[in-house]
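Report on one structure; see the data block that follows.
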Amino acid sequence: MTDFPPLREELRGLAPYGAPQLDLPVQLNVNENPYGPSPACVADIATAVAEAAGSLNRYPDREFTELRTALAGYLSRDTPHGIAPEQVWAANGSNEVMLQLLQAFGGPGRTALSFAPTYSMYPEYARDTMTEWVTGHRESDFSLDLDKAHALVEEVRPSVVLLPSPNNPTGTALPPEAVAGLCEAVGDGGVLVVDEAYGEFRRSGTPSALELLPDHRNLVVSRTMSKAFALAGARLGYLAAAPEICDAIRVVRLPYHLSAVTQAVALAALRHAPELLGRVDDLRTERDATVAWLREQGHTVADSDANFALFGTFADRHAVWKGLVDRGVLIREVGPDGWLRVSIGTPAEMTAFKQALTAVTEEGLT
């Protein structure tokens, strides 16, 4: 008797990706922005969606020209060179952006490379596109040894290199020279993707990889509106790259992949960028205070340019995680053994986290 359904053999027995979803008072496990859009932004979104609803019998602009122009204008603030609309691509969350990149540039007989610890969805994108997955390793402080990284690129000759910066789950940002050097090592035989999902949270003086785009035509810089823009529920991710790369992705995109409603919501949010990003400064301040507090308690904490902090190390991190859950606080078991990751929430949420972790520590669960 054959197994049903006739799933691909390499997918049998696998569970779908997802962080635990528990109904707890304090949820600090998936790096959401705790501050929702302002009333003015909500009203603008509602108006924009209502206008879009009047023509939902028609397909949306499949090239989302207005949105690409608005995103290019927003990204141009992070580079003195500016970004043109034809350098921008968007999709349903940065997850779909990454999948499209693997569909276009990965595939059978090709290899994708990253350096662990890294975002746990990357190997799934490779698996789903039948791309060979290879991981190098970061140093103990989660930085990259550039000599080792270059050697691995020379050995593997990857078609796609995925580098989150700030890194998820560690929060570590890459210096520009690391990105530039690896772009040169990869050459025209591949693309190097710098995943800046948390780019807006980087500390002062940490540049964006967008500044390097004019010098490296194989460089892709991706962003999302889920984090800094507080639009996780809208599902809008995007990238900046050479026009040739954007045109290549158009070959694999599904028809009309961005709905008229999604485009309207994203455009409305971009009109309110200054007020939405104002909360980013609050979260940076809260992040730095949380990192300092954790270190004062004797924990090791990775330097973070994101809206989360990775801390440890624990002999039994699950016991610590469970102790926090029992006290109404949900964080994430992710990253290397012994480490935990806490998203940065409101001051009240972070106070609840600190009180819960202190209680867990006093019980000796750490």
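Values as computed for the structure displayed
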item: Test result for Ala91, assigned by TED's automatic domain parsing to the domain that holds Arg138 and more than 15 Å from the chain's Cα centre (by Cα); result: no
item: Selection from segment 134-171 of residues that are farther than 25 Å from Ala104 by Cα and in contact (Cβ under 8 Å) with a residue 60 or more places away in the chain; result: Asp141, Phe142, Pro169, Thr170, Gly171
item: Exclusive hit being assigned by TED's automatic domain parsing to the domain that holds Ala241, among the charged types (D, E, K, R), within 25 Å of Leu310 (Cβ to Cβ) and out of contact with any Asp or Glu (no Cβ under 9 Å at 6 or more places or on another chain), set Glu155, Glu177, Glu184; result: Glu177
item: Boolean, Val161 is part of a helix (DSSP H, G or I), under 22 Å from Leu102 (Cβ atoms) and at pLDDT 95 or above; result: no
item: Residue satisfying condition, being in contact with a Leu (Cβ under 6 Å, 6 or more places away or on another chain) and either among the charged types (D, E, K, R) or in the same structural domain as Asn168 (by TED's automatic domain parsing) (or both), within set Arg332, Arg317; result: Arg317
item: Helices (runs of 4 or more DSSP H) contained in segment 251-357 and holding at least 3 residues in contact (Cβ under 8 Å) with a residue 40 or more places away in the chain, of a type in the set (S, T, N, Q) and closer than 30 Å to Glu66 by Cα; result: none
item: Condition met for Met98 (out of contact with any Leu (no Cβ under 7 Å at 6 or more places or on another chain), modelled with pLDDT of 95 or more, of a type in the set (A, V, I, L, M) and surrounded by 17 or more Cβ atoms within 10 Å (Cβ to Cβ)); result: yes
item: Filter pass, Asp147 being farther than 30 Å from Ala84 by Cβ and either at pLDDT below 95 or surrounded by fewer than 20 Cβ atoms within 10 Å (Cβ to Cβ) (or both); result: yes
item: Count of segment 33-74 residues which are within 15 Å of Leu210 (Cβ to Cβ) and in contact with a Phe, Trp or Tyr (Cβ under 8 Å, 6 or more places away or on another chain); result: 1
item: Residue count for segment 284-306, restricted to those that are over 19 Å from Leu144 (Cα atoms), surrounded by 13 or more Cβ atoms within 10 Å (Cβ to Cβ) and among the aliphatic types (A, V, I, L, M); result: 3
item: Failed condition for Lys148, given (1) within 19 Å of the chain's Cα centre (by Cα); (2) part of a helix (DSSP H, G or I); (3) farther than 23 Å from Gly18 by Cβ; result: (1)
item: Single residue of segment 38-57 satisfying the filter (without any contact (Cβ under 8 Å) to a residue 24 or more places away in the chain and part of a loop (DSSP other than H, G, I, E, B)) that is surrounded by the fewest Cβ atoms within 10 Å (Cβ to Cβ); result: Asn57
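The values are calculated or read from the model by the stated rules, or taken from the named source; none is laboratory data. Here the structure is a predicted model, which means the values were calculated and not measured. Every residue, glycine among them, receives a Cβ derived from its backbone with ideal geometry; neighbour counts consider all protein chains shown.
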